[in-house]
1. Let me check against my output: what whole-number percent is the relative contact order of the range B:53-277, with C-alpha pairs under 8 Å and at least 6 apart?
2. Round to a whole angstrom and tell me the spacing of the C-alpha centers of the range A:236-256 and the range A:310-376.
3. With +1 assigned to the C-beta of every Lys and Arg and -1 to the C-beta of every Asp and Glu, and no other charges, what is the dipole magnitude of the range B:53-277 about the Cα centre in debye, to the nearest 20?
4. What does the copy distance list look like for B:V370, label position 7 Å along Cα→Cβ, in nm and ordered from shortest?
5. Mind computing the radius of gyration and Dmax over the alpha-carbon atoms of the range B:36-133? Å is fine for both.
6. Given R₀ = 56 Å, FRET efficiency for B:Y49-A:S211 by Cβ-Cβ distance, to 0.05?
7. Within a Cβ distance under 14 Å of B:A364, other residues only, what is the Lys/Arg minus Asp/Glu net charge?
8. Please compute the alpha carbon radius of gyration of the range B:53-277, then divide it by the globular-protein estimate 2.2 N^0.38 Å. Two decimals is fine.
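We did not get these values from a lab; they are worked out from the coordinates using the rules stated. Since the structure is predicted, the reported quantities are computational estimates derived from the model, not experimental observations. Because the Cβ atoms are built from the backbone with ideal geometry, glycine has one as well, and the counts that use them run over all protein chains shown.
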Protein chains: 2
Amino acid sequence: MLALTPSELALFAQGQQPNLSPAELARLQGGSEAEWDSMAKCNFNENPYGPPESALKAMSHAYKFANRYGYPDDNIQQAIADHHGVKRDHVIMGAGSGELLNVVGLTYLTTNDTKVVGSDPSYGSVYQQATSIRAEAIKIPLLPDYRQDIPAIISATKKHYREVGFVYLCNPNNPTGRIVTKREIRQLLDGIPEDVPVLIDEAYHHFVDDSDYGTSVPYVMEGRPVIVTRTFSKISGLAGMRLGYAITTPAIALKMREHQTGTINALVQWAGAAALRDTASQEQVKKATLELRKKAVADVKAMGYESLPSETNFFMVHIKRPVQPVIDAFKAKKVLVGRPFPPMLQHLRVSVGNPDEMVRFTAAFKEIFVNGAVGGSRGG
Amino acid sequence: MLALTPSELALFAQGQQPNLSPAELARLQGGSEAEWDSMAKCNFNENPYGPPESALKAMSHAYKFANRYGYPDDNIQQAIADHHGVKRDHVIMGAGSGELLNVVGLTYLTTNDTKVVGSDPSYGSVYQQATSIRAEAIKIPLLPDYRQDIPAIISATKKHYREVGFVYLCNPNNPTGRIVTKREIRQLLDGIPEDVPVLIDEAYHHFVDDSDYGTSVPYVMEGRPVIVTRTFSKISGLAGMRLGYAITTPAIALKMREHQTGTINALVQWAGAAALRDTASQEQVKKATLELRKKAVADVKAMGYESLPSETNFFMVHIKRPVQPVIDAFKAKKVLVGRPFPPMLQHLRVSVGNPDEMVRFTAAFKEIFVNGAVGGSRGG
């Protein structure tokens, strides 16, 4: 449908521009701006509400720095350090956490033999980058219940110890929405050789309710080679403004910095600092998102379709048929849904939009699955 | 005065955050926000007018993409390609041209023996990065008239041919403001082995009046391994928003992309497209800047101090005494001026501010140099 490789699509979904024609980009972005405006956007795990009022105000204030290199930055890096109770040299900022995932790849996958070990499917950008720099990804299939297979990750890491650059864990996992428990994280970190770096991507941290989940930041404080990434893209609605960070040891942060080429714009430094303080808006986004997710999951269940238990701002429906025609059928109804995530090609990833978008999603789902509209797509 | 290495200071001046304490950052940035506001900013070669109205409008429009990954981007990459009459795959976008300078370093300085060849002083970030990744910089002194020594660059490149990763040329040069002529560029490119990449940094392109100067983009079209970088930071006043690009061969662009980790925010994509179309504002900025530069150069000349002929938005005054105490004296008078550029330690780099800032600069210059206020600095 699109002249895009999965790797290009993933780059795009992460805010990086693959080398596309304007026509390709326009189709990917939902067509012209008017078409884009008209779409229900349940495809990229974005926060549909946009940045909170506090962040918008901070950005307006920071407009006066738009032409500057040196300016007050509202002490964003110190604010992040304080938030986690760590020192500033444990924090490395990035243009989205996606930049930091790439930086970890460039830091630890330095030769053709180095390997990243992680689950499949997971957030694919790490594996695609590994391939693009001629390293290798050892992908461990999910368990039958779509949880991550920690013992298998441990075994693979030990088996390939000499070539393993790092272990990647997305928690909660994208695209499944399932968590790795606190107990499993400890099992992993205690089970692999202690010098193997572990990258733990907590992009969806703020949406988790399950008390079996916990952040892995404390392991950094123990001095383990753990890199925890966070983003302002999700809970704070700043994906297009590009701000994320990693918490890691000062030694790893220094090493990573050599490979980092991005810089952060003036507006998002102020927006991020404001959003970090605005816990009320974080709570609101979480509450609205979880309520809408629960309702949508119940709605599709009432139509006979089960979803995986999710702890994020998206969920996966087992649609019991190939996903690509369904994605196309949704698009024809002006609802954008997630791309295919092989090998889970009979599951549909749905990002939780705003209330109006979720009404449109559920209505389209009903038309496609109950009224049998698949194949009726004439859209592009 | 500041607990900063020159390399950290250069990083900072390029919009990258070295790992500073808030107090250090605040001092570097001119103190608290109120102090920063109160300073005349003639230190970072910024455009004092800010983004043009057209770009501000475009950014306001693009606020609706602040929470998105996928969105219409006003076809910025295609607009840049069209502007230069090249294809889209000749364009690589970056978070400021500084990102692309770093990317070239990471692409071509891959082993401990690789070297970059270029003038000294020039924009130091390229050499500092080379050192930080354990490569080496072969720095060719400027000629007695502070022009770049092209024959010496050719000789050094040929002599170290096997280890040269690339040649760096800033044109016009920072910090001197002097151009390399069209004829000299051809002499360089024809004089070195044809497979040596040449990075030509045209950050100050838009301020040049001298007809002996010309852009090096046509050499890319000849298929030579030339990388021309441009930025929206200067003429378009978008330094804090982070947008630049390189024009190069598709093969080099692909190679560079593997080392690029930054991404560009939604607002600056729209701002850049608007600024590119806004040739009227570019003309206004150029006209105002050159008039103010000429006046300031005449004013200090009237006080007995010669400046180097500049084709940029800054100029260098030969102050005939050590520069650091003079920088401190200016700061005490609430005028920020350029950092020291060794070995030119009796030259002061002055960025052209707005009319008010230039009045303050000239008044401070008079107090320091005519009324002898150096040493009277009690500021920090």
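1. Values: 411 pairs, mean separation 67.8, N = 225.
It rounds to 30 percent for the range B:53-277.
2. For the range A:236-256 versus the range A:310-376, the Cα centre distance is 32 Å.
3. Working: 23 positive and 23 negative charges, 79 e Å.
Here the range B:53-277 has a charge dipole of around 380 debye.
4. 8.6
5. 18.2, 49
6. On the way: r = 54 Å, r/R0 = 0.97.
The formula returns an efficiency of 0.55 here.
7. Numbers: positive: B:K41, B:K331, B:K333, B:K334, B:R360, B:K366; negative: B:D299, B:D328, B:D356, B:E357, B:E367.
Net charge in that neighbourhood comes out at +1.
8. 1.01
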